[in-house]
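The next block holds one structure in the form of structure tokens; read it before the comments.
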Ligand SMILES: NC(=O)c1ccc[n+]([C@@H]2O[C@H](COP(=O)([O-])OP(=O)(O)OC[C@H]3O[C@@H](n4cnc5c(N)ncnc54)[C@H](OP(=O)(O)O)[C@@H]3O)[C@@H](O)[C@H]2O)c1
């Protein structure tokens with residue numbers, strides 16, 4: 001499948017590289033279309049990995065991943081172009097964190113409690129099928145669930161059930177994520193994003209990003 005990745009940070013690089021390994025063609029998008037991170041991605045994934053602007057990546061992908069900085073995601077999506085996104089699945093991995101006052105970051109107030117980044121993206125792009133997943137863990141674990149021993153959970157939400165089913169079958173299962181917990185419509189993005197302060201506390205406490213949540217009942 002042709003997949004567009006918006007974002008050149010560690011998340012875009014890690015997910016993009018894994019998807020190339022799974023046989024997909026990936027175009028990684030950035031603001032300028034070319035920087036040292038996209039160059040490294042193309043070099044590592046020669047043949048199946050290419051790079052371009054956010055617009056190029058969105059136009060290329062049958063599915064598009066949002067791996068941009070949460071506070072800038074709406075700007076990045078605007079640059080990608082609504083016409084390049086309409087009708088497609090947008091997998092939203094971003095977290096609306098503000099690092100401007102140092103660490104630990106805070107949740108950006110406009111994107112929490114009564115809304116979320118996932119919901120704001122869905123509101124702004126009603127013809128795009130926004131599926132939120134992967135955002136509750138470190139990117140290395142996203143693509144390698146066995147970095148953490150035993151059973152543990154990944155969450156998913158979104159208004160379009162067919163889109164969620166496709167992401168589960170074509171992306172999560174091949175990576176090794178079985179039985180994702182479907183939290184329902186895109187409003188569940190609130191809880192998936194607001195778990196981040198807890199995640200940040202735990203990574204500080206145990207001095208590792210290699211842990212995950214497990215729901216026991
Ligand atoms: N790090 C993790 O393990 C992890 C885990 C879960 C979720 N997340 C979330 O995943 C997302 C990506 O994280 P990351 O650490 O890989 O990268 P990041 O540094 O948060 O974001 C990098 C991307 O954001 C774009 N960007 C920055 N400012 C922008 C602006 N003003 N307008 C448009 N685009 C802008 C950059 O564009 P250029 O390429 O042009 O510079 C780059 O592609 C974040 O939302 C993060 O919260 C991260």
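Just so you know, all these numbers are worked out from the coordinates, no wet-lab data involved. A quick note: this is a predicted structure, and the numbers were derived from the prediction, not measured. Cβ atoms come from the backbone with ideal geometry, glycine included; neighbour counts cover every protein chain shown.
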Taking a crude spin-label model, label points 7 Å out from Cα along the C-beta direction, the residue 182 to residue 124 distance in nm is 2.8
Rounded to one decimal in Å, the inverse mean reciprocal Cα-Cα distance for the range 98-181, i.e. its Kirkwood radius, is 14.6
Rounded to the nearest 5, the percent of antiparallel DSSP beta bridges in the chain equals 15
Distance in nm between residue 36 and residue 152 label points, each 7 Å along Cα→Cβ, equals 3.1
Cα-based Rg/(2.2 N^0.38 Å) for the range 1-52, rounded to two decimals, is 0.94
Computed over all unlike Cα pairs, the Kirkwood hydrodynamic radius of the range 25-68 in Å stands at 10.2
From fewest to most C-beta neighbours within 10 Å, the residues 143, 11 line up as 143, 11
Rounded to the nearest whole number, the Stokes-Einstein translational diffusion coefficient of the range 1-112 at 37 °C and 0.692 mPa s (Kirkwood radius, C-alpha pairs) in µm²/s is 235
Inter-part gap, Cα centre of the range 77-137 to Cα centre of the range 147-213, in whole angstrom, is 15
Zone reached by a paramagnetic label modelled 7 Å from residue 210 Cα along Cα→Cβ, restricted to the range 138-177 with backbone N below 19 Å, covers 138-154, 176-177
Burial-style ranking of 31-41, 115-125, average other-beta-carbon count within 10 Å with highest first, yields 115-125, 31-41
Proxy exposure order for 159, 146, 92 (fewest C-beta within 10 Å first) is 146, 159, 92
Computed D for the chain, Stokes-Einstein, Kirkwood radius over alpha-carbon pairs, 20 °C, 1.002 mPa s, to the nearest µm² per second, is 125
